[in-house]
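Okay, so here's the structure we're looking at.
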Amino acid sequence: MNTIKSKRPTKPSPMKAMRLAEASAKLEDIGFEQTRALTPDERAAWNQARRGPGRPRKPAGEKAARVLITIAPDLLAAADDYAQREGVTRAELFARGLQQILVKHRGSRRNG
């Protein structure tokens, strides 16, 4: 029997009253005079912790470059239609076409 799992996030379990009281009691004794501003390193660490780990960085040689090109509107529309039918992105379609041209060009240079 297949069961479908709910994609809704589960509610966090409430903190037990005793643990909450203990944690709160520790904070009640801290006065403003006992605090200080964060150092630049601490501020950076705090901002990173708030932001979360994020997407891993790619090595420099694997990063894609953004390129602005000019294409006739009719050609762009035809390319978009083709990409949608094939289930690829516009960028992937252009990359595949460019790869085919370069492979063909390299082959003709070796034979010529």
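General observations
- Per DSSP, loop trypsin sites (Lys or Arg not before Pro) in segment 41-70 with at most 10 further Cβ within 10 Å: 57, 63, 66
- Alpha-carbon centroid distance for the pair segment 21-38 / segment 65-90, whole angstrom: 58 Å
All of the numbers you see were taken from the coordinates with simple rules; none came from a lab. Please read these numbers as outputs of a predicted model, since none were measured by experiment. So basically every Cβ, Gly included, is an ideal-geometry build from the backbone, and we count neighbours across all protein chains shown.
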